[in-house]
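This report refers to the structure that appears directly beneath it.
Where a number appears in this text, it was derived from the coordinates with a stated rule and is not lab data. Treat the numbers as computed from the prediction; the structure is a model and nothing was measured. FYI the Cβ positions are ideal-geometry reconstructions off the backbone, even for glycines, and counts take in every protein chain you see.
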DNA sequence: GAGTGGTCTAGACCACCCG
DNA sequence: GGGTGGTCTAGACCACTCG
């Protein structure tokens, strides 16, 4: 996981996995296999060599091979059948759609120019709903950041974020007045709360007068509404958001596993 | 994974993991820990004993302990910090919301009475869109099943499913005329295509006249629209659906991981 | 430096699938 | 019966964190 991006798409032949650098063997094996699948050298639906063969070929123990292939199974690129073998999945549905990204990362991934303008920035008392989501007392403060977000200069989202004041006031206020919403999550990480997971509820709604005015759409237009709680590695909730997306400009794709 | 449901919630003390039954040791360890977390014996945020200690306590090797705890990390119940320890996550956001379920399983889980009535059942040529999703030729046949679905006697969803005729015609037609839509996925499994994953696109739309009439709602009412492709273990697409959900009656919750 | 998780080995036996 | 993945061992050394 840690090393994934470093050598993703690195070119390596099956036999060359000398541990010259500080990269774990199972990561090299994993990326070697990933590259062979991407290049078509290993065809979709094809059976891999057995774990024993791979171990011999890579010059490692079988457990190390399994550690590499297990990652690719999690990624949806391989699957195992007990007593039969390990296979490459067909149109290999990668797990990217179930990865947590923020608006800006997601836009960049798709070559879209994303922009956010801050409409409100205030410190308020948590509402019951927000306090519950963020595990705060009712009288605790939260930082409220309301932004309007554009993709390729089209307004697509009105975003209300609420952040525990107790945890992040310093790291956020030290950047004022030119606060950079794009890298909010890195502020969380800086305080020891790396973002790990989000739970989001999705609904279809209609735009009311107020929302319509702000987003320059018709009242009654379809809105994809999202309510999201973001959690850090240890399970601490770090952000709660209401998110109003233009129905005609925005769709959401997710991958679910059984 | 295979054994999970069998002994989930089984009561086991930390020291009692004799391999009397055919249950793998790492599953027993995993479920023992899971149970200790659920019961509060292991508090949230608390540090687990080290892997060496657990190995000694359970009388297994360290690798076996890791195999058990790794599963719980995937489930979001634990997290590791290199050089520090393994910890219980706080409000432990379990992964249930990112699990693929069908309408009926999902309803049962929440104690809702679900019902489906079949509106259409036909064999047609695949449209370009459907052929692309199901990896079929344009002239290939698909089975189209249109159903209206109720939760606690309220109409919530209009569901259009398309299934490759070539793969599943026998197993579906042998049940006619009383076809049981609830267990469609078990038919796929019977033919060697266990359902593994789904990719779904979610949009907010408005009900048009036709949809409004069928679902007994107003034209212009909000609709949560879902387009979903379901894949088997080996990556074969087995089902493509259009899904129109009443916006005021239906919401979707998903978990995303970073 | 002590304690922890991260990686890795070189075997072993079992359970499953298929011809 | 032969080949495969599933489980498991009893060690080893490294990398990281913290006091």
Inter-copy label distances at residue B:117 (7 Å, Cα→Cβ; nm, one decimal): 5.1
Gyration tensor on Cα atoms of the range B:81-141, a ≥ b ≥ c root eigenvalues, a/c under 1.5 rounded, else prolate if a/b beats b/c, else oblate, says oblate
Looking along the axis that carries chain A onto chain B, the residue of A whose Cβ comes nearest, with distance in whole Å, is A:204, 2
Partner chain Cβ atoms within 10 Å, averaged over the residues of B:219-225 - can you pull that number for me? 5
With the label set 7 Å along Cα→Cβ, residue A:81 is separated from its counterparts in the other copies, in nm and shortest first, by 4.5
Just to confirm the number: angle between the C-alpha axis of helix B:25-39 and the first principal axis of chain B, 0 to 90 degrees, nearest 10? 90 degrees
How far is helix B:62-74 tilted, in degrees, relative to the longest principal axis of the Cα atoms in chain B, given as a value from 0 to 90 rounded to the nearest 10? 40 degrees
Mean-square fluctuation check for chain A, GNM, Cα pairs under 10 Å: which of A:225, A:58, A:240 is largest? A:58
Please compute the contact order of the range B:98-246 in relative form: average sequence separation of alpha-carbon pairs under 8 Å and at least six residues apart, divided by the residue count, as a percent. 21 percent
Which value in nm describes the separation of the simple spin-label points at residue A:150 and residue A:173, placed 7 Å from the Cα toward the beta carbon? 3.2 nm
Determine the shape class of the range B:98-246: with a ≥ b ≥ c the square roots of the Cα gyration tensor eigenvalues, call it rounded for a/c under 1.5, and otherwise prolate if a/b is greater than b/c, oblate otherwise. prolate
Mind listing the label-point distances from residue A:173 to the same position on all other copies, shortest first, one decimal in nm, points 7 Å along Cα→Cβ? 7.3
Work out how much length residue B:125 to residue B:214 would gain on full extension: take 0.36 nm times their residue separation and subtract the Cα-Cα distance, in nm to one decimal. 29.6 nm
Give the relative contact order (percent, whole number) for chain A; include only Cα pairs under 8 Å separated by 6+ residues. 13 percent
Per-residue ellipticity at 222 nm for the protein assembly as shown, helices alone: DSSP H runs ≥ 4 residues times -39500 (n - 2.57), over residue total, nearest 500 deg cm²/dmol? -8000 deg cm²/dmol
Row for the range A:159-258, column shape: gyration tensor on C-alpha, a ≥ b ≥ c, rounded if a/c < 1.5 i.e. under 1.5, prolate if a/b over b/c, else oblate; value oblate
